[in-house]
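Contents: one structure, followed by commentary.
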Amino acid sequence: MQDQLSHTFAALADPTRRAILARLALGEASVTELARPFEMSMPAVSKHLKVLERAGLIVRGREAQWRPCRLEARPLKDAAGWIEDYRRFWSAHLDALARYLDRMDRHQYGSSTPTKTKTSRRRRGPNRARDKGERK
């Protein structure tokens, strides 16, 4: 049995389902409205909606003949929180790498602040031969 986070990420793995969620972020919509932008059958759209519903990302209501779908944001918030933990992890590690590289620059250049050196770029395109001192 998969945990809720796994269901959320599995549902988000498909671009069609992400597009459906983006539409539902604007407000409730019927299955027909959600299917309109896609070149697929109604049963195929219904399968996508079932995956989203099982993941807890949408809720389908019933109002007479209309079955509106609406976004359920809680699983997205949980996924964002999980990702945020790793963003903080990588941010801290990248900050440590930047400090290390600054120390290496100061050591190499003997300065308290790193100096930037201008690097020359070779041109690309029609004038490249001329830049090398060659004639066309």
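Taken together, the values in this text are just the output of simple stated rules run on the coordinates, not laboratory data. Nothing here was measured: the structure is a model prediction, and the numbers come from that model. So basically every Cβ, Gly included, is an ideal-geometry build from the backbone, and we count neighbours across all protein chains shown.
Excluding LYS77 itself, calculate the net charge of residues whose Cβ lies under 14 Å from the Cβ of LYS77, where each Lys or Arg counts +1 and each Asp or Glu counts -1.
-3
How long are the three semi-axes of the equivalent ellipsoid of segment 4-72, in whole Å, if each is the root of 5 times an eigenvalue of the C-alpha gyration tensor, listed from largest down?
18, 14, 11
Grab the other residues whose beta carbon is less than 15 angstrom from that of THR16, score K and R as +1, D and E as -1, and report the net.
So the environment of THR16 carries a net charge of +2.
Which trypsin sites (Lys or Arg not before Pro) from segment 1-77 combine a DSSP loop assignment with at most 16 other Cβ atoms within 10 Å?
ARG62
I need LEU5, LEU94 ordered by Cβ neighbour count within 10 Å, fewest first.
Starting with the residue having the fewest Cβ neighbours, the order is LEU94, LEU5.
Local charge sum around SER91 (other residues, Cβ-Cβ under 12 Å, Lys/Arg +1, Asp/Glu -1)?
So the environment of SER91 carries a net charge of -1.
Among THR8, THR16, which comes first, second and so on when ranked by fewest other beta-carbon atoms within 10 Å?
THR16, THR8
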